1. Regarding the stretch 377-531, what whole-number volume in Å³ per residue does the convex hull of its Cα atoms give?
2. Looking at the stretch 620-673, which trypsin sites (Lys or Arg not before Pro) are in a loop (DSSP not H, G, I, E or B) and have at most 13 other Cβ atoms within 10 Å?
3. Lys428: which lysines have alpha carbons under 26 Å from its alpha carbon, excluding same-chain residues fewer than 8 sequence positions away?
4. May I have the convex hull volume per residue, in Å³, for the Cα set of the stretch 102-192?
5. Please give the net charge around Pro582, taking every other residue with its beta carbon less than 13 angstrom from that of Pro582, where Lys and Arg add +1 and Asp and Glu add -1.
6. Which of rounded, prolate or oblate describes the stretch 231-323 when judged by the alpha-carbon gyration tensor and an a/c cut-off of 1.5?
7. Which ³J(HN,Hα) values, rounded to whole Hz and listed in residue order, are derived for the stretch 550-562 from phi using the Karplus coefficients 6.51, -1.76 and 1.60 in 6.51 cos²θ - 1.76 cosθ + 1.60 with θ = phi - 60°, glycine and proline given as x?
8. Taking the beta-carbon count within 10 Å as an exposure proxy, list Met173, Met361 from fewest neighbours to most.
Amino acid sequence: MKSQWNDSDAEAMAAHYAQTGVGRDLALRVYSTRLLGSDRRLVLHGGGNTSVKTTMPDALGKETQVLCVKGSGWDMGDIEPAGLPAVRLEALRALRSLEALSDEDMVKQQRLNLLDPSSPNPSVETLLHAFLPNTFVDHTHSTAVLAISDQPDGAAICAEVYGERASLVPYVMPGFDLAKAAPAVYDASPAVEGLILLKHGIFTFGETAREAYERMIALVTLAEERIAKGTGTLIQSSAIPAQVAPLAAVAPILRGALAECSDGAEGSYRRQVLEFRTSEAIRAYVGGEDLARYSQQGVVTPDHTIRTKNRPLVVPAPAQGSLVEFKAAVESVLAQYVAAYHDYFARHNGAEAERTELDPMPRVVLVPGLGLFGAGASARGAGVAADIAGNTVDVITDAERIGAFQPVPEADLFDVEYWSLEQAKLGKAAEKALARQVALITGAASGIGAATAHAFASEGCEVVLLDRDGGGAEKIARGIGGAALGLECDVTVRHQVRAAFDRACEVFGGLDIVVSNAGAAWQGKIGEVADEVLRASFELNFFAHQSVAQNAVWVMRAQGTGGALLFNASKQAVNPGLDFGPYGLPKAATLFLSRQYALEYGEDGIRSNAVNADRVNTGIFADGFLEERAQKRGLTPEEYLRSGNLLKREVKPEDVARAFVDLALSPKTTGAVLTVDGGNIAAALR
Ligand code: ZN
């Protein structure tokens, strides 16, 4: 591993922060923290922390000795000085005389001694940093260090690799006990450059930011060199089928299986969003003959267990053309996984029955022949699980190269998974109404479609936006942010629709809500209109809805967790307008289509509903149409839009979007039409 330290970058950062009153020590602490945090072989999703001991003025202007230590919620890769809150050093050090300190009391003491009480919580490893005498302290969960220490004889290997350069600290759970144990090991040989926390990670330290950082790189490199000497390889299983089923077909089966039925009678599910990863290294790992052994030992460093649980689910390789058998096999291995999780909880919970068992569903799924999936309550959470799973592949592959992977024992991992501070968070963060779901919206680059995409996203849904204007869909998706996906798709072209649904399955694992919205208004007096006009309108205003709904039902049935189909009908579907036959006829057919789906897929828990909107100015009318109509009546286009309804209110795209969300949130409603037209009695359904 090469040092990325660059003197001129470091000086530039010190000069930059000096302008805002940030001292040189803290500025350089920010610089090297970012260097560490931007290398995934060292730091991944909060798995690491850094500190510097310096002085700062307190509220009275008195220079005070402080420890600036990484705060929770900050990513080391792009940390700012505010992400390293200052804690009074003397007060922290005084705690070292205590025999014991609970995690809750430790957090209280850390907060109590913050120079600025509005700072984030200092890292759980703060006291360890405080009890070491060195000015700069760096901590990472280096994959190479984990690979050599996650071994049955990890201590012996590390002793041989590091000799006098680093001392070894036997595994102790992070918290006050580790904060006392590690500095005690340091005090016994203070000439060391670092501490190897067996089966957990590595600390290095120095008098300057550069010294601590360069020592991290040097000690990690020693571990890498030891791994390079290994000759072990993962033996590939002969059981992988020659033709593996495509990702887009496999993902919905897994996603459906991973959705916990939270209330069978109500048909409600605690779903997960998936994120797929693959590479040559990942396929070699999931295709290994010994996968069942090395993948089931536990996480590579204990704090991963909070994100991924201790073990991934391993499913059989999905052979092309055998998805029915695959689905049955997934259900069977998952049932075993869930039973094993309940046993694990019962086994370690012991007499302290006050702990709450977490949901038993896996967060990582390994699929031989294909790759791995991360699962989570959102695309973000799934991405974190997938990142950690990818990192695990690297560590275990390296560990098997020099020996056999063996992490911390299960009982210790249980203590971290059921850590009291994590348990205290349970049930406190309320999820949004459509969290854990995925919605696909057609015609999403503008008007009702764009408003609908925003409305679903703001309810916590992951969204896939389809539009003939792919650039427009991408732009709206970027505006929504997060994992929102914009795709080019002409919904009148069947293979494009299929490709878009496949893409949604590949990116999120499947989908739960489909808003078939794309449409356009064709006009013509029915007795005279050209056949091509009518057929073109039927292509977009009827057949495209059918093609979208067919694909939706295919994915929803593969998942087996119900779903919601939502159609944008129109008041034209029930109340014909002069010269609007070419628009109204296919819309009437689409309204009927919605009911046909409600009838035929109710038994699968799939609901089908429509929204009838009227006079929404969303650009579906030909240019100048509204202006012309308004002018005829001596009105502005806005007045014209308001004048035609009972409430005299303009119907906006957001109003229609709200109706789609409401229908998605109505578990007992199917075959319905919701009218959003400000009141139009001639179009009222009977
Ligand atoms: Zn750590």
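Each reported figure results from applying straightforward, stated rules to the coordinates on display, with no laboratory input. Since the structure is predicted, the reported quantities are computational estimates derived from the model, not experimental observations. When we count neighbours, we look across all protein chains shown, and the Cβ atoms used for this are built from the backbone with ideal geometry, even at glycine.
1. Working: hull volume 24.1 nm³, N = 155.
In the stretch 377-531, the Cα convex hull volume per residue is 156 Å³.
2. Within the stretch 620-673, the qualifying trypsin sites (Lys or Arg not before Pro) (loop, at most 13 other Cβ atoms within 10 Å) are Arg633, Lys648, Arg649, Lys668.
3. Counting by Cα, and skipping residues close in sequence, Lys428 has these lysines nearby: Lys70, Lys108, Lys309.
4. For the stretch 102-192, the hull spanned by Cα atoms encloses 115 Å³ per residue.
5. Numbers: positive: Lys525, Arg535, Lys587; negative: Glu528, Asp531, Glu532, Glu539, Asp579.
Charge balance in the 13 Å sphere: -2.
6. oblate
7. The phi angles translate into 4, 5, 4, 5, 4, 5, 4, 6, 5, 6, x, 10, x Hz.
8. Ascending Cβ contact count within 10 Å gives the list Met173, Met361.
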